[in-house]
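Step one of this worksheet: look at the structure below.
Only the coordinates and a few stated rules stand behind these numbers; no lab work does. What you see is a predicted model; the values in this text were computed from it and never measured. FYI the Cβ positions are ideal-geometry reconstructions off the backbone, even for glycines, and counts take in every protein chain you see.
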Amino acid sequence: MTLLAGFLLPTWLGLAVVGACGGFGRGVSASGRVLGAIVALPLGLGLTSAVAFLWIATWRPCVGTAGEVGLELLLAVLGSAAWWLRQRSDAGQERQPASAPRPGLLLAGLGSLALAVGGWRLVRVWLVATYRHPGGDWDALAIWNLKARFLFWPEGWDRAFSPEIAWSHPDYPLLLPAFLARTWIWLGDRSWIVPAATSLAFLLLVVALATVSAYRLRGWVPALVAGVLVWGVAYTSLGFNQYADMPLALYFLATNVLLLESAHNPGSRGPLVLAGLAAGAMVWTKNEGWAMLTALLASEGVVAWRDRLTASEVRARALAFGVGLLPLAATTVLFKLTFAPANDLVDRVAWGGLVDPGRLATILGRVAGALASYGPFRLPLAVVLLALVLVLGVAVPPALRSAATSLAVRLPLVLAAYCAAFAVTPNPLEWHLATTLERLLSQLLPSAVLLATLAMGPIENRPAAPDSRL
Amino acid sequence: MTATPSGETGPATRDRLPFLRRLLSPLAQRRTLATSLLFVLALVPPAVVREGDDETLPSAPHLTTRPEVTCLHQLLPLDATVAFFTEADGTARLESPSPLYYTQSQLTPRLLVIRPPERWPSGDIDWFVGTLSDPGSAQALANRYGLRVRGQCGPWTVLGRVP
């Protein structure tokens with residue numbers, strides 16, 4: 001029961017925040033509400049993680065566990081009150097999802113079957129992986145769950161950030177460890193179920209988010225395509241079970257989805273606030289989140305300049321995004337300034353690598369090779385995606401062109417940042433590439449799949465259904 | 001009893017064929033065909049999840065209840081900083097870092113550090129945990145640095161400074 005409450009409270013908080021941002025308003029379609037419910041848990045989880053970290057670092061000896069629970073409850077109640085007030089004043093009308101043609105029986109049947117079988121395989125292999133290694137794979141044991149194990153203890157928790165255990169990367173952010181520690185503290189026991197269930201939740205949510213978002217933006221069959229392909233990413237990630245890469249992939253995807261939603265409903269600032277919150281969760285999850293955030297700001301800036309947005313419009317959008325970004329980004333900065341030792345890459349950075357053609361060629365070759373072999377399918381996922389886009393053509397709906405362009409700029413920018421990090425790494429390059437490339441691609445591929453399904457031309461030449469709402 | 005005459009289809013087949021034809025006819029369009037092939041590809045069993053260099057991990061779901069881990073917890077104070085070694089001379093030679101990761105994971109909130117044996121006499125660390133299989137070499141190591149063998153917990157030898 002306590003375990004269930006440990007997940008229900010973040011869900012409640014997330015729902016309240018999404019509701020306060022208009023995600024469940026009167027005019028929102030059923031699919032919009034489902035989308036809001038899907039992003040609620042990860043957003044709530046990010047917020048409770050920050051609350052837990054602040055509590056551990058400051059008030060834990062004074063207020064005990066009840067104080068932490070009380071703080072989360074207070075936030076959830078305040079969020080719910082804001083949601084209620086928003087509902088009362090909300091008369092807005094969401095733009096309806098793109099007119100979704102009713103899918104043919106063949107594609108709908110095959111796609112649903114593929115997604116259902118994929119979901120079953122995912123859960124089955126997760127069960128096997130969890131049974132074999134309940135503490136997670138190596139980095140989970142050495143980094144993410146290890147930090148959580150330290151944070152669990154009222155005394156000695158800050159040893160998690162000791163430079164003596166530099167191999168555990170003490171500077172890595174704490175979204176996942178603080179949430180796990182907080183739930184273990186509630187339980188009074190470091191149960192293996194908590195990290196295992198959390199990892200499964202992230203895997204299922206990343207598939208669900210891609211599917212529902214593609215449905216809202218393009219319709220049924222693209223939704224099934226997105227779901228099946230992102231399932232491939234989630235399945236592949238079971239090779240590094242309980243790491244923070246899939247949570248980061250989910251937050252990056254959520255940020256991109258919410259920016260697309262904002263483009264779909266330009267009158268509403270709620271999706272922008274939520275996108276900022278998801279972006280804050282990115283940087284609170286992994287250091288790569290900063291590369292994602294920087295690429296996001298750059299790509300949005302480029303598109304705003306290209307679209308000649310007025311200064312007041314840019315200010316309003318930046319303000320809404322910044323309001324969402326602030327809580328978790330500030331928590332991350334606070335952690336970096338107060339507890340985290342210097343990052344090993346930053347500390348021993350080798351700038352010369354950026355102008356070493358042989359090194360750069362090696363990196364590009366390995367990235368291309370990793371892309372060409374990624375995925376659980378009999379054909380590489382990138383090849384499947386490329387073939388699908390070549391066959392279907394490109395036809396982005398006009399309302400989404402700017403947001404899609406921004407995403408199309410953003411993804412290569414993040415990949416370029418990762419390549420630059422490999423260029424300057426003080427670690428042996430081959431080892432660094434071999435141990436990280438697949439995980440880094442997993443962070444980006446769900447968003448790449450979303451972009452591809454968003455951009456692809458019509459799959460079936462069928463008349464639009466009279467009522468395309470869920 | 002009437003058999004269906006040769007060359008004609010029976011009632012059931014007559015009903016089914018147009019349905020199948022209607023169902024499969026979209027495959028004549030390359031876009032539908034490509035998407036269908038993707039879905040079929042996803043239905044083909046994937047390669048099993050990789051089992052690689054992590055075979056040394058124990059597979060019992062309740063890691064912390066293993067008796068040797070409980071034994072470690074009883075011997076080592078919660079606030080201890082513990083030096084890790086793998087060799088009879090007190091050094092830590094880590095062909096693979098997994099023993100270090102796993103031991104630290106089990107020892108939290110105690111901090112597991114690597115200290116070269118020449119620094120052991122400095123007195124900054126009172127507890128030492130190693131993975132020596134030979135009790136005789138553990139005793140010899142303890143004698144060399146004025147330590148005491150505090151216990152053997154499964155694969156782990158625990159040495160402590162004499163108060």
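What to note about this one:
- Computed over chain A, relative contact order equals 20 percent, with contacts defined as Cα pairs under 8 Å that lie 6+ residues apart.
- Qualifying trypsin sites (Lys or Arg not before Pro) in the stretch A:265-316, DSSP loop, other Cβ atoms within 10 Å at most 12: A:308
- The stretch between residue B:140 and residue B:88, if pulled fully straight at 0.36 nm per residue, gains 17.9 nm over its current Cα-Cα span.
- Close amide H partners of residue B:153, meaning residues 5 or more places away or on another chain with modelled amide H under 5 Å apart, are B:158.
- Computed on the stretch A:99-204, with alpha-carbon pairs under 8 angstrom and 6+ residues apart, the relative contact order is 25 percent.
- Under the span-like rule (Cα at least 30 Å along the axis, Kyte-Doolittle mean at least 1.0), DSSP H helices of chain A: A:30-54, A:105-132, A:193-218, A:311-338, A:401-424
- When both bridge partners sit in the protein assembly as shown, DSSP labels roughly 65% of those beta bridges antiparallel.
- The length gained on full extension between residue A:334 and residue A:311, counted as 0.36 nm times the residue separation minus their Cα-Cα distance, comes to 5.2 nm.
- Stokes-Einstein diffusion of the stretch A:8-135 at 25 °C, 0.890 mPa s viscosity, Kirkwood radius from Cα pairs, rounded to a whole number: 138 µm²/s.
- For the stretch A:207-350, dividing the convex hull volume of the Cα atoms by the residue count gives 146 Å³ per residue.
- Those trypsin sites (Lys or Arg not before Pro) in the stretch A:375-431 that DSSP places in a loop and that have at most 14 other beta carbons within 10 Å: A:378
- A cut-off of 5 Å between modelled amide H atoms, ignoring neighbours fewer than 5 places along the same chain, links residue B:82 with B:111, B:112, B:113.
- Partnerless cysteines, meaning none of the other Cys C-beta atoms lie under 4.7 Å away, in the protein assembly as shown: A:21, A:62, A:419
- For the protein assembly as shown, the spherically averaged projection of the C-alpha convex hull amounts to 36.7 nm².
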